[in-house]
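Working notes for the structure below.
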Amino acid sequence: MPLASLHAPFDHPGWIFELKYDGFRALAYIESGQCRLVSRRGTAHKSFPKLCAAIGAAIPAHAVLDGEIVHLDAEGKPQFYELMRRRTPQHYYAFDLLWLDGHDLRDIRLIERKRLLRGLVRPPILYADHFEARGVDLFKAACDHDLEGIVAKLATGRYDPGATTWVKIKNRGYSQPEGRADFFAVTSARTKAVYPRREPAQVATP
């Protein structure tokens, strides 16, 4: 699901609101005690083997989740640079459930998918909780705690990448983007010097 952007938060009884977690977006494919974390571009995240193993062991089901790989500090706040350096502990914040034991859930309401998700997840998978109707208050809390922002989602929405039912509202005062472009440039240069170019992995549909 893509995220559209808004400049200001809003309240609406038909929408739910979640914190926006600063990390790596990934689908988690879980089957037979194994987990693959796959990026938005369809490439496998291969540098989180311990996290993948822990996720696979935690979920005794065939499932596909949507979520964010994060590193959390002692206060439970995502720290993006620590994640880039692959510091532990690492967690996976799950905010949607697409597939469960042979059942395609993408056509059912988001609020129902989240109910099923809440009953499924176990650490190191964390459930991304939501707040109904009141996005303005959640956005203020996110800004007060120096978090990246919030995401608004249509409560009855299907998981349809062609629909604009997920919207991000970013905290323009968020401190962690400062210097990020330079950090990525240095990291990319080091990676290219060590690893040869590889073709993207092919991702099977559930």
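Observations on the model:
- Residue count for the stretch 124-135 under the criterion of being part of a strand (DSSP E or B) and either in contact with a Phe, Trp or Tyr (Cβ under 6 Å, 6 or more places away or on another chain) or under 30 Å from Ile30 (Cα atoms) (or both): the result is 5.
- Any hit, the stretch 136-144, residues being outside any helix (DSSP H, G or I), surrounded by 14 or more Cβ atoms within 10 Å (Cβ to Cβ) and more than 16 Å from the chain's Cα centre (by Cα): no
- Counted residues, the stretch 149-164 - those being of a type outside the set (A, V, I, L, M, F, W, C) and touching a helix residue (DSSP H, G or I) at 6+ places or on another chain (Cβ under 8 Å): 6
- Odd one out for Glu82 among (1) surrounded by 14 or more Cβ atoms within 10 Å (Cβ to Cβ); (2) of a type in the set (D, E, K, R); (3) touching a residue at least 24 places away in the same chain (Cβ under 8 Å): (3)
- Test: Ile69 is assigned to a strand (DSSP E or B) and either buried (at least 18 other Cβ atoms within 10 Å of the Cβ) or at pLDDT below 95 (or both): yes
- Selection over the stretch 1-41 of residues that are touching a Leu at 6+ places or on another chain (Cβ under 9 Å) and assigned to a loop (DSSP other than H, G, I, E, B) gives a count of 7.
- Some residue of the stretch 153-162 being modelled with pLDDT of 95 or more, part of a strand (DSSP E or B) and either out of contact with any Lys or Arg (no Cβ under 8 Å at 6 or more places or on another chain) or surrounded by fewer than 16 Cβ atoms within 10 Å (Cβ to Cβ) (or both): yes
- Positions within the stretch 155-183 being over 23 Å from Asp11 (Cβ atoms) and either touching a Leu at 6+ places or on another chain (Cβ under 6 Å) or in contact (Cβ under 8 Å) with a residue 60 or more places away in the chain (or both), in sequence order: Tyr159, Asp160, Pro161, Gln176, Arg180, Phe183
- Members of the stretch 37-57 that are within 21 Å of Leu120 (Cα to Cα) and either free of Cβ contacts under 8 Å to residues at least 60 places away in the same chain or crowded, with 21+ Cβ neighbours inside 10 Å (or both): Leu37, Lys50, Leu51, Cys52, Ala53, Ile55, Gly56, Ala57
- First in the stretch 125-154 and free of Cβ contacts under 8 Å to residues at least 60 places away in the same chain, second anywhere and surrounded by 16 or more Cβ atoms within 10 Å (Cβ to Cβ) and not in a strand (DSSP E or B), Cβ under 6 Å, 6 or more apart: Tyr127/Val121; Cys143/Asn171
- Entry remark, the stretch 96-114: residues being within 22 Å of Gly14 (Cβ to Cβ) and either surrounded by 13 or more Cβ atoms within 10 Å (Cβ to Cβ) or among the polar types (S, T, N, Q) (or both) number 12 in total.
- Looking only at the stretch 100-123, residues that are in contact with a Lys or Arg (Cβ under 9 Å, 6 or more places away or on another chain) and in a loop (DSSP other than H, G, I, E, B) come to 5 in all.
The values are calculated or read from the model by the stated rules, or taken from the named source; none is laboratory data. This is a predicted model, so every value here is computed, not measured. Here Cβ is always computed from backbone atoms with ideal geometry, including for glycine, and neighbour counts include all displayed protein chains.
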